[in-house]
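Below is one structure; the comments refer to it alone.
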Amino acid sequence: MYKERGILIVLSGPSGVGKGTVRKELFSTPETNYEYSISMTTRKAREGEVDGVDYFFKSKEEFEQLIEQGRLLEYANYVGNYYGTPLDYVNDTLDAGRDVFLEIEVQGARLVREKAPDALFIFLAPPSLSELESRLVGRGTETDDVIQARIAAAREELAMMDLYDYVVENDQVERACDKINAIVTAEHCKRERVEQRYKAMLKGDL
């Protein structure tokens, strides 16, 4: 019996661009049908963040053990902290026909592109670098040195935009979410994603 595999949706972009805000807005609507893959990180939890909801917060030693065991789809060291995606959860959910939504750093997206070239890659871009800096300062969670390191990293990440299939400017959260949902809908209608179902139909497997 043929079952269509889910789509791995990768959303990434510079730190401070609003990835978490856009992801939360996407998942706040009842019609959203994505499974959110919670990332692991070794950074400290920010105020209001919950372990197992926003991230799985791990020690450096715990994270490095998972790397050695090959149990991460991707991982990256970003501004002194590890970030990564659990592998087993992603594959099991895709095989069950559910779309998996990853919100990860640009370094991690590059690794996923190598391991899962059929995934859908969306780059969330800021309206401008000055707006990005304003958002980072507005957080009030990092020192000036860390903010400047993130701005420098953002310049490098913007130059890596060619790794992605689509670019969505986050000038307004609801508009960015509408664009992302439209992109996913279009991807589900791509010939190469649906033709196996119709071939199975012709064989009498549906």
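What to note about this one:
- If only residues of segment 34-52 that are among the acidic types (Asp, Glu) and more than 23 Å from ALA186 (Cα to Cα) are counted, the one that is most open to solvent (accessible area, probe 1.4 Å) is GLU47.
- Count of segment 53-80 residues which are assigned to a strand (DSSP E or B), hydrophobic (A, V, I, L, M, F, W, C) and either open to solvent by less than 40 Å² (accessible area, probe 1.4 Å) or on the phi > 0 side of the Ramachandran plot (or both): 3
- Within segment 1-33, restricting attention to residues that are of a type in the set (Lys, Arg) and open to solvent by less than 70 Å² (accessible area, probe 1.4 Å), the residue that is farthest from ILE151 (Cα to Cα) is ARG23.
- Of the candidates TYR89, TYR83, the single residue that is among the hydroxyl-bearing types (Ser, Thr, Tyr), closer than 19 Å to PHE56 by Cα and open to solvent by 40 Å² or more (accessible area, probe 1.4 Å) is TYR89.
- Positions within segment 93-119 being within 10 Å of the chain's Cα centre (by Cα) and of a type outside the set (Val, Ile, Thr), in sequence order: PHE101, LEU102, GLU103, GLU105, GLY108, ALA109
- Pairs linking a residue in segment 138-153 that is free of Cβ contacts under 8 Å to residues at least 12 places away in the same chain to a residue that is among the hydrophobic types (A, V, I, L, M, F, W, C), with Cβ atoms under 8 Å and 6 or more positions apart or on different chains, are GLU142/LEU136.
- Criterion (in contact (Cβ under 8 Å) with a residue 24 or more places away in the chain, surrounded by 11 or more Cβ atoms within 10 Å (Cβ to Cβ) and more than 16 Å from the chain's Cα centre (by Cα)) met by exactly one of ASP171, ASP165: ASP171
- Residues satisfying the stated conditions in segment 158-196, i.e. more than 10 Å from ILE122 (Cβ to Cβ), basic (Lys, Arg) and outside any loop (DSSP other than H, G, I, E, B): ARG175, ARG191, ARG193
The values are calculated or read from the model by the stated rules, or taken from the named source; none is laboratory data. In this text, all values refer to a predicted model and were calculated from it rather than measured experimentally. Cβ coordinates were reconstructed from backbone atoms using ideal geometry, including for glycine residues, and neighbour counts include every protein chain displayed. Heavy atoms of the whole protein, side chains included, go into the accessibility calculation; ligands, DNA and RNA do not. Shrake-Rupley method; radii C 1.70, N 1.55, O 1.52, S 1.80 Å.
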